[in-house]
Amino acid sequence: MQGKCGLFFESYREEAALLVGGFQKARFAALLVVLCVCPFVLNAYHLSILILINIAVVGAVSLNLLTGMCGQISLGHGAFLGVGAYACGALTLQGVPFLVALPAAGCITAATGMLFGIPSLRLKGIYLAIATLAAQLILQYIFLHWDAVTGGSIGLALDPPSIAGMTFDTDEKMFYLTLGVAMVMLVMASNLMRSRHGRAFVAIRDFYLSAEIVGVNLFAYKLMAFAVSSFMAGVAGGLWGHYLQFVTPEPFGLGLSISYLAMCIIGGLGSIQGAVFGAIFLTLLPEVLTWLLEVGSAVFPGASQYLVAAKEGVFGLVLVLFLIFEPEGLQRRWRLFKAWCKLFPFAY
Amino acid sequence: MEYYLQLVINGLVVGSIYALVALGFVVIYKATKVVNFAQGELVMVGAYACFSLTVEMQLPFLLSFLMTLGFSVVLGLAIERLVLRPMIGEPIISVVMVTIGLSSILKSLVQMFWGTQIQVYPQVLPQEPYFVMGVPVAPVYIAAFVLSALLFAIFSVFFKYSRLGVAMRATALDQCAAASMGIGIKSIFALSWCIAAVVSSVGGVILGNINGINAQLGHLGLKVFPAVILGGLDSLLGAALGGIVIGVLENVCDGAAKQLLGLGGFKEVAAFIVLVIILMVKPYGFFGTKQIERV
C-alpha cells in the first residue's frame, strides 16, 4: 500500500488495516449505502444484473486467489462452480437448511478442488492448465450422467433459499443475500492475502524455488490455494443455483471457466479489487451489447440475429485487446485515475 | 468382433485427423512455445472457407481446396502478426488467454458469416465402400487416412532436409543461437503459424467431407491436448502417434462403454481421463523433451 501524505503508521496493525485513513472508510461506507439503496431505485431487470454481478464477484475473486495470487492456472473453475451448485441443491433437496447447505457445498467443492489440485504438485504452467481442462470436462460428464444426484440433463429444480424462517423469494431479498455473501467472501479473501498464508501464495507465484528455500511448503500451500479457491467457487455456485432455482449442466461449461479467467485478466491479475472490476465489466458487457443491438436493429433491421455471435466475438476481442494494450487490467486504470484526481489541476 | 474392428477403423480415421491438427499445434509449440487453444477454430475456418468456395461460388473442388490453403497461409500470417507478435515475452497465462480470445473471435466470425446450421459438402469421392479385412470402409475414409499420412511424410522430410526446416528446428532448440547464425526468428514464427493453419484447414476439409461442418467443429481443438500430451508436446512423431492412439482409444472406449455399461457419450471424456493418467505418470509423453525439474 503506497503511503499518502500525512499518513504515518505507528504500528504494524495499523499498516495492515484493510481500509487506511478516514477517506477510504468514508468512501467504502458510501459505496455500501448506495448498494443498499439500489433495490428501492432500480427496476427488476437491472436488479437481476446486480445479483449476477454479486455472484460473479465471488467467483472471480476465488479464481484470482488461485491464478492471480498463487500462479496456478485453472481452466476448471466453471465446473467447480457447478459442483457447488449441485451440492447445495442436492443438500437443500434433502431438507438441509440453506445456511448449513451453502458452506457444506463450499466444503464439498473444496474437496473436489483439492483432488484435481493434486496434479499441480507435479505439473506447472501449461501442463497444469491442461490438467484442469481435463477436470472441467470430466466433471461436466459427471453432471450430465450421475442421474441419482444431479438429475442428469433434466437438472434439479430448487426452492428459493430460506434462512431462519425468512424466504428469499424476491429479487430484492436475493440481492441483499448475495451482497452479504459477496462482502463476507471479499473480507475473507482480503484477510487471507494480508496473512502469512497469502504471502506464501505470492511467493510461490513469483518463484517456486525461492519460496521453497525460504520455508514455504509447496505441497501444503498449493493444495490450500486450491481448497480456498474452490470453497469460494462452491459458495458462488450454490448461490447461483438457488438464484436461478434450477441447476442444469449447461451453464457450467468451459465457457464459464474461460469467462472467469477473462474477468481476472481484464480486472487485473493478483488483485482482489481487480477481480471485482473484471466481474462487473464482463457481466455488464453482454447486457450492454444486447441493448446496443436492440437500438441498432431500429436502424439496421435484423441486427439482433447476430446477438449470440456478437457476444462471443466482442468478448474475444476485448480479451485480446486488454492483453495486448493493458495487461495489468482495469485495476491499473483505476490507480491512474486516482492519481490523476489527486493531482488534478496540476498534472505534475 | 466386427463391431470392434469397425470402431478401430473409425478411430484410425478420426485419429489421423487429430494427428493433423496436433501436427499444427506441435509446430507452433516447438518453434514459439505458444500453446494454441485456437487450433480447433483454425480447422473450422478452413473447412468453412473451402465450403463457401465449392458450394456458394461453385468452383471445382480441387481448385477451391488449393485456394483454401492459400487463404490459410494469409490467415496464419495475420494472426501471428496482429495477435501473437505483441505477446512475445509475456507470461504463460497471457499467451494462453490470448489464443482463447482468438478462438472466440474466429468462432463468432464463422457464426456471423455462415450461421450455426450443419452444412454438407458436395459428394467428391464415390460412395461404394471398399472392403478392408471384410469390413466396409467408405473411400473418403481411406482418402483421409492417406492424405494425413502423406502430409506427415512431407513435413518430416521438410523438417529433416530443407533449409527452412533446419532453421525452424534450430529456432526451437535455442532462439539466441539461431538468431546469431542469421536466422530470422520472426519469419520462423510466422512460418510456423502458416504451417499450422494450412494443416488444420486440410483436416477441416477432410472432416467436412466425412460429416459435414457446423459451428461446433472448434471443439475438436480440445481433443488435440490428449494427443499432444500423450506424444510429447514438442515431438512431430509424437503428434502423429498420439493423435491416432487417442482416436482409436476414444472410439473403442465409447463403443465398449455403450455395449457393456450402457453409458452414452463416453467419447467426450475417455480421452481426457487418459490425459490425466498420462500427466500423473509420464508428463512429457512418449517423445517429449524432458525438463528435469522438481516441482
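Of the residues contained in segment A:89-97, none is found to be closer than 30 Å to residue B:230 by Cβ, surrounded by 20 or more Cβ atoms within 10 Å (Cβ to Cβ), modelled with pLDDT under 95 and in contact with a His (Cβ under 9 Å, 6 or more places away or on another chain). Given the criteria within 13 Å of chain B (Cβ to nearest Cβ) and either open to solvent by less than 50 Å² (accessible area, probe 1.4 Å) or not polar (S, T, N, Q) (or both), does residue A:318 qualify? So residue A:318 passes the test.
Listed conditions (1) within 20 Å of the chain's Cα centre (by Cα); (2) over 19 Å from residue A:179 (Cβ atoms); (3) more than 14 Å from chain B (Cβ to nearest Cβ) are all met by residue A:95, apart from (1).
Before we move on, is residue B:64 more than 14 Å from every other protein chain (Cβ to nearest Cβ), under 21 Å from the mean Cα position of the chain (by Cα) and hydroxyl-bearing (Ser, Thr, Tyr)? Explain how you work it out, then say what you get.
Details: more than 14 Å from every other protein chain (Cβ to nearest Cβ): yes; under 21 Å from the mean Cα position of the chain (by Cα): yes; hydroxyl-bearing (Ser, Thr, Tyr): yes.
When the stated conditions are applied, residue B:64 passes them.
Of the residues B:233, B:222, the single one that is outside any helix (DSSP H, G or I) and either under 14 Å from the mean Cα position of the chain (by Cα) or modelled with pLDDT of 90 or more (or both) is B:233.
Once segment A:328-345 is narrowed to residues that are assigned to a loop (DSSP other than H, G, I, E, B) and in contact (Cβ under 8 Å) with a residue 24 or more places away in the chain, the residue that is surrounded by the fewest Cβ atoms within 10 Å (Cβ to Cβ) is A:328.
Being in a helix (DSSP H, G or I), β-branched (Val, Ile, Thr) and within 29 Å of residue B:224 (Cα to Cα) is a property that holds for residue A:83. The residue that is farthest from the other protein chains (Cβ to nearest Cβ), among those in segment B:270-295 that are over 23 Å from the mean Cα position of the chain (by Cα) and modelled with pLDDT of 80 or more, is B:281.
Restricted to segment B:96-110, and to residues there that are in contact (Cβ under 8 Å) with a residue 60 or more places away in the chain and either basic (Lys, Arg) or open to solvent by 30 Å² or more (accessible area, probe 1.4 Å) (or both), the residue that is farthest from residue A:130 (Cα to Cα) is B:109. Of the helices (runs of 4 or more DSSP H) lying entirely inside segment A:156-259, those carrying at least 2 residues that are open to solvent by less than 60 Å² (accessible area, probe 1.4 Å) and within 14 Å of chain B (Cβ to nearest Cβ) are A:208-213, A:218-244.
Give segment B:71-95 a look and list any residue that's open to solvent by 30 Å² or more (accessible area, probe 1.4 Å) and either over 26 Å from residue A:207 (Cβ atoms) or assigned to a helix (DSSP H, G or I) (or both), or say none. Result: B:71, B:73, B:74, B:75, B:77, B:78, B:81, B:82, B:85, B:86, B:92. Restricting attention to segment A:116-136, the residues that are within 7 Å of chain B (Cβ to nearest Cβ) and open to solvent by 50 Å² or more (accessible area, probe 1.4 Å) add up to 2.
For segment B:250-294, taking the residues that are more than 18 Å from residue B:233 (Cα to Cα) and basic (Lys, Arg), the one that is least open to solvent (accessible area, probe 1.4 Å) is identified as B:267. Cβ separations smaller than 8 Å between residues 6+ apart or across chains give the following pairs from segment A:137-155 residues that are more than 9 Å from every other protein chain (Cβ to nearest Cβ) and part of a loop (DSSP other than H, G, I, E, B) to residues that are among the aromatic types (Phe, Trp, Tyr) and surrounded by fewer than 18 Cβ atoms within 10 Å (Cβ to Cβ): A:152/A:146; A:155/A:246.
The values are calculated or read from the model by the stated rules, or taken from the named source; none is laboratory data. Bear in mind the structure is a predicted one, so any value in this text is a computation, not a measurement. Quick reminder, even Gly has a Cβ in these numbers, built from the backbone with ideal geometry, and neighbours come from all protein chains shown. We work out accessible area using only protein heavy atoms, side chains counted, and drop any ligands, DNA or RNA first. Shrake-Rupley method; radii C 1.70, N 1.55, O 1.52, S 1.80 Å.
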